[in-house]
């Protein structure tokens, strides 16, 4: 059917992912209606599809936390300056990022208040009051909130936003062994959410001392590799040791009657993962949303004209009913756009499955089913549609994860010397994987000469380390991944 004049004006993706990744990515997340810019530089509005995806990640993570005994709390957005100054390394690490509240109306505040860049300081002041004895431990609290970090000059939607959403886990233990055990469990939990919901692979590793969280004793993260060859840090967990406990007086009387400082962890997953998901799975047509995160898992596009519109829409309603309550479906009944225009729009939005139905399909009691990730088409009987689409959604979810894993593996390059490292970093990109002596001078050389960094020390590669440092040639202590990063 013909469209109404002036309606089909939405422009699709105008660049190829392989030719201009940065521009493609921005167009994909904005034009698809996933997120949008706002009047505040670097801060986004999450539109329904984007926020639904975050809610799915949040619900899955939150359920896993609660199953493991972690409880939700909430603390204030504003943090007194004196709290930030209590832990020297922490305040120095966040100082450039902090936005300050200095006035109410025309009155200047007696003390500046920080807009939450992270909540350690405001939470730990309370922890010090609440923890008295070993009976109060472990204390395992989490909060879901927004934070503001203002230092960077070139925001990238979702990947580098000045305000973002996340969880903050802040836990307290009597012993270091308990804290370490939780760290391993949290990293495993995050990896499962990444795989099962976002269909993303990553590398679990420890950060170098120069890359660790400000104030932490050691930091661990899951690192992603994007299609442009740059790495992005994903969920993380920090062993804070007793650093914050000593700064904030978080102590307890143990079973032996002695007063001891507690051991702490912090951990987080953020809306950055939605950016990694969009960048990893999308193609030249737009986004490809994993079914577990899709607000609409199957869109039904009727193909009709003015004479048969009522009959086709009735048939599409039957299709929607056949999909049942397990599949989130939507009938696009708009009569002001052609089917082809709708196909393009829903492809750009990344809806996992498209179902097409017209008069010919009514006569055969079938419908055409199209996969977003591969473009494969199939004619399916109406009575079999529910089971067919449900299985297809499972296959899409699995396929997207396997593609992510394959991309990571194919773009991890083992290097034995500095020239080979330079070739990867300055050339094809990806992870350059090789030996490191552990010295800061070699790490600094990578950063200053190549514009890259050690993205992590993969935990599964540190047994029986052999070979030499790819920078200085001394015996290697670690195997590391090196790449340029967002």
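The values are calculated or read from the model by the stated rules, or taken from the named source; none is laboratory data. In this text the structure is predicted, and so the values were computed from the model without any measurement. Because the Cβ atoms are built from the backbone with ideal geometry, glycine has one as well, and the counts that use them run over all protein chains shown.
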**Message:** Given the options 213, 164, 152, name the one that is outside any helix (DSSP H, G or I), surrounded by fewer than 20 Cβ atoms within 10 Å (Cβ to Cβ) and in the same structural domain as residue 85 (by TED's automatic domain parsing).
**Reply:** 152
**Request:** Return yes when residue 472 is modelled with pLDDT of 95 or more and in contact with a strand residue (DSSP E or B) (Cβ under 6 Å, 6 or more places away or on another chain) and no when it is not.
**Result:** no
**Request:** List the helices (runs of 4 or more DSSP H) that sit entirely inside the stretch 58-140 and contain at least 1 residues that are outside the structural domain of residue 256 (by TED's automatic domain parsing) and under 20 Å from residue 182 (Cα atoms).
**Result:** none
**Asked** Is there a residue in the stretch 427-443 that is assigned to a helix (DSSP H, G or I), under 30 Å from residue 321 (Cβ atoms), in contact (Cβ under 8 Å) with a residue 60 or more places away in the chain and not assigned by TED's automatic domain parsing to the domain that holds residue 276?
**Response** no
**Complete:** Per the filter on the stretch 167-186, residues within 30 Å of residue 395 (Cα to Cα) and either surrounded by 20 or more Cβ atoms within 10 Å (Cβ to Cβ) or without any contact (Cβ under 8 Å) to a residue 12 or more places away in the chain (or both) are 167, 184, 186
**Complete:** residue 365 fails exactly one of (1) touching a residue at least 24 places away in the same chain (Cβ under 8 Å); (2) surrounded by fewer than 17 Cβ atoms within 10 Å (Cβ to Cβ); (3) in contact with a helix residue (DSSP H, G or I) (Cβ under 7 Å, 6 or more places away or on another chain), namely (1)
**Asked** How many of the residues in the stretch 216-232 are under 23 Å from residue 86 (Cβ atoms), touching a helix residue (DSSP H, G or I) at 6+ places or on another chain (Cβ under 9 Å) and crowded, with 22+ Cβ neighbours inside 10 Å?
**Response** 1
**Complete:** Expected single match for within 28 Å of residue 27 (Cβ to Cβ) and in contact with a strand residue (DSSP E or B) (Cβ under 8 Å, 6 or more places away or on another chain) among 336, 329 is 329
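Results for (1) buried (at least 16 other Cβ atoms within 10 Å of the Cβ); (2) touching a strand residue (DSSP E or B) at 6+ places or on another chain (Cβ under 8 Å); (3) assigned by TED's automatic domain parsing to the domain that holds residue 26, shown as yes or no for each residue.
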residue	(1), (2), (3)
302	yes, yes, no
340	no, no, no
358	yes, yes, no
377	no, yes, no
384	no, no, no
389	yes, yes, no
**Request:** Give the residue that is modelled with the lowest pLDDT, with candidates limited to residues of the stretch 9-43 that are assigned to a loop (DSSP other than H, G, I, E, B), within 19 Å of residue 153 (Cα to Cα) and within 20 Å of the chain's Cα centre (by Cα).
**Result:** 42
**Prompt:** Among the residues of the stretch 306-336, which ones are assigned to a loop (DSSP other than H, G, I, E, B) and within 14 Å of residue 357 (Cβ to Cβ)?
**Reply:** 308, 332, 333
